[in-house]
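The values are calculated or read from the model by the stated rules, or taken from the named source; none is laboratory data. In this text, all values refer to a predicted model and were calculated from it rather than measured experimentally. Note that each Cβ is placed from the backbone with ideal geometry, even for glycine, and that neighbours are counted across all protein chains shown. The accessibility values were calculated without ligands, DNA or RNA, using every heavy atom of the protein model including side chains. Shrake-Rupley method; radii C 1.70, N 1.55, O 1.52, S 1.80 Å.
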Amino acid sequence: MMRALWTSLLLALVATLAPAAGAALVSDLSHTEVKVSYRYEGETLLVFGSLPEPGGHVVVEVRGPAKARTIQRKGQVMGVLWMNVEDLTIQDFPGYYALLSDAPVAEFLGPAERNRLGLGRDALFAAAEYRGDPAQAAPRDYFDGLLRHMTDAGLYQEKPGAVRIKQDRLFRAELRMPSRAPVGEYAIVVRQVKDGSVVHRDTQTLTVAKTGIEKWLYDLAYDHPAWYGVMAVLVALFAGWFVGMITRGEAEH
Amino acid sequence: MNLYLPVAEMSVNIFVLLGLGGAVGVLSGLFGVGGGFLMTPLLMMLGIPAPVAAATDANQIVAASISGTIAHMRRRNVDFKMGAYMVVGGLIGSKLGVQLVGYLRALGQIDFVITVLFVVMLGLIGSFMFVEGLHALRGSSGGDTGGKKPKKTPRWRLPLRTHFATSGLETSILVPLGVGGFVGVLAAILGVGGGFIMVPAMIYLIGMPTQVVVGTSLFQILFTTANTTFWQSVQNQTVDIVLALLLLIGSVIGAQIGTRLGSKLQGEQLRVLLALIVLATAAKLLLGLVLEPDDLYVIGGGGH
């Protein structure tokens, strides 16, 4: 039902764009804002658009807000206990990264070009800046450890085949945002690749923001932590007393 | 049915949390312990970050202990003078503990320290209670509890001795201050009420009569965990009110069931049962420390 609707919408779009074909790659999102409310369980968006010329491949790259990530490595201490022994910090690493394409990116883009564009695992590693000097393992091991955790949480995705191309003109891809996806601005870059290089590109911005009581509590916790603390204690006292009263009341009957 | 937690920043199943709170609540009512020593590791297993699990647990214990404290006050099971000294110790200890959490988080060792402390504390206390409980079970067959308790003669005499009328004993105020302070530090780091340490300390170290021990420890826990909740919110931003409320709804109902169960069961049997639960938790955590982890790499707190 939804798919049929989008397809007809896209066909209408391409029909109106057809005369101007050759001009630019046009992309859009099913919605440009993800609202994190108390019922939020993650969300699936649609990235879609039209290609100015037929053929080639389409890559959709999504980067969430960046921050420094510290990865710790466990080692055996005194021959018995496993504890964190070393760490490495990667500066400005995206909290969410998705690479959606119609075929494995390595099949149509060479390593040099992928690195230049920052596409995929190896390119992210090459571009990352490190802080710390671990002796027991290479930075790449730490990096892979980070991506393993992010992949498990749905925060790192490489999905060749997620982009569908229709009639050489239309493309669409489903983008899954897990509930752990960080709030902030997401950059979505769509590229059309032909003969090993990018021929067209378009960018979109997606905002993930808390709303309603989630936003209020989060802002209070970080902006007015003392008030948040007082509230946490009072709410707990009242709620505990209230529930206790109810259960005791029932017990006496 | 899922709910998104505002501070933990993740989506969790409501019924899983209600059930977890309920199970821990039964223990709380049965033994007069907060049950935090089970709640914190269980929350961590659900994927909630360790510092958030511990701090939120302290907040939940505030709620869980208010209803228990009121119930024990009505039955005149609280030694307020003893409790007041323990509260003062607890306030100082929990403030220091919150400071220590911030420091250990920056070092990246908070999870390790939490686990090691759990193993040591639970292992020691579990074994002690288990042995004592077995002795009591074998020794007094059906005798009334506390009646023929041997009078404790203190091995050392601390200064500042004072009389505690409700408990009917004389001891130095440094003892309840010290016990309260120690438990306060644990409350902040581990997110436990500390009843599982305080109850044996009050029985064996101070020599308080069994019937005021649970009420007085709940009284201390209430103030210490409230203080912990406040300072964790201010310094570490790790208290999730929504998560705490869900846990407490389960735990308060569970606590009522536990309290009623407790009055029907024998004290010595309960102590052996609690000892076994404590030992099992310690063993589980110890395995996590000595077995090679599935993934050597972990993502540090980093924070916001």
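Quick rundown of the values:
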| read-out | value |
| --- | --- |
| Amide H within-cut-off set for A:L170, under 5 Å, with H built and near neighbours excluded | A:L51 |
| Rounded FRET efficiency, nearest 0.05, which uses the C-beta distance separating A:E129 from B:Q269 and R0 of 60 Å | 0.50 |
| 13 Å beta-carbon shell around B:P200, net charge (K/R +1, D/E -1) | 0 |
| Per residue accessible area in Å² of the range A:101-166, where ligands, DNA and RNA are left out and the probe is 1.4 Å | 52 |
| Total accessible area lost when A and B pair, probe 1.4 Å, Å² to nearest 100 | 4800 |
| Summed residue charge, Cβ within 13 Å of B:M129's Cβ, Lys/Arg positive, Asp/Glu negative | -1 |
| Neighbouring partner chain Cβ atoms per residue of B:69-78, average, 10 Å criterion | 1 |
| Cα Rg over Rh - the range B:1-132, Kirkwood | 0.98 |
| Cα pair distances exceeding 35 angstrom across chain A, given as percent | 34 |
| Helix B:36-45 axis, angle to chain B major axis (alpha carbon atoms, nearest 10°) | 20 |
| Net charge, A:H57 excluded, C-beta distance under 11 Å - Lys, Arg +1, Asp, Glu -1 | -1 |
| Average accessible surface area per residue within the range A:16-90, 1.4 Å rolling probe, Å² | 42 |
| Accessible area in square angstrom per residue, the range B:1-142, 1.4 angstrom probe | 37 |
| Cβ charges +1 (Lys, Arg) and -1 (Asp, Glu), total dipole of chain B, debye | 1420 |
| Computed [θ] at 222 nm, helices only, for chain B once each DSSP H run of length n ≥ 4 contributes -39500 (n - 2.57) | -23500 deg cm²/dmol |
| In degrees, nearest ten, helix A:139-152 long axis to first principal axis of chain A (Cα) | 80 |
| Cut-off under 5 Å, modelled amide H: who pairs with A:A24 long-range | none |
| With Cα atoms, 0 to 90° folded angle of helix B:110-139 axis to chain B main axis | 30 |
| Accessible-area composition of chain B, carbon plus sulfur, in percent [1.4 Å probe] | 66 |
| Within the accessible area of chain A (1.4 Å probe), percent carbon and sulfur | 56 |
| Positions from the range A:114-150 whose accessible area shrinks by 50 Å² or more when the full protein complex is built, not the chain alone, probe 1.4 Å | A:H149 |
| GNM flexibility winner over chain A from A:K210, A:K166, A:K74 (Cα, springs under 10 Å) | A:K74 |
| Separation of the B:M73 and B:L158 label points, Cα + 7 Å toward Cβ, nm | 2.6 |
| Nearest-0.05 FRET efficiency for B:L137 and A:A187, computed from C-beta distance (R0 51 Å) | 0.15 |
| Between the range B:66-104 and the range B:1-15, the alpha-carbon center distance in angstrom | 30 |
| Protein-protein interface of the range B:2-49, residues with accessible area decrease of at least 20 Å², isolated chain reference, 1.4 Å probe | B:N2, B:L3, B:Y4, B:P6, B:V7, B:E9, B:M10, B:S11 |
| Zone of A:E33's modelled label, taken as backbone nitrogen in the range A:166-197 under 20 Å from a point 7 Å along Cα→Cβ | A:177-179, A:181-188 |
| Segments B:97-103, B:204-210, B:161-167 sorted - mean Cβ within 10 Å per residue, highest first | B:97-103, B:204-210, B:161-167 |
| Per-pair calculated FRET efficiency, R0 = 45 Å: B:K284 and A:A226 via Cβ, rounded to 0.05 | 0.75 |
| Cα convex hull volume per residue for the protein assembly as shown (Å³) | 171 |
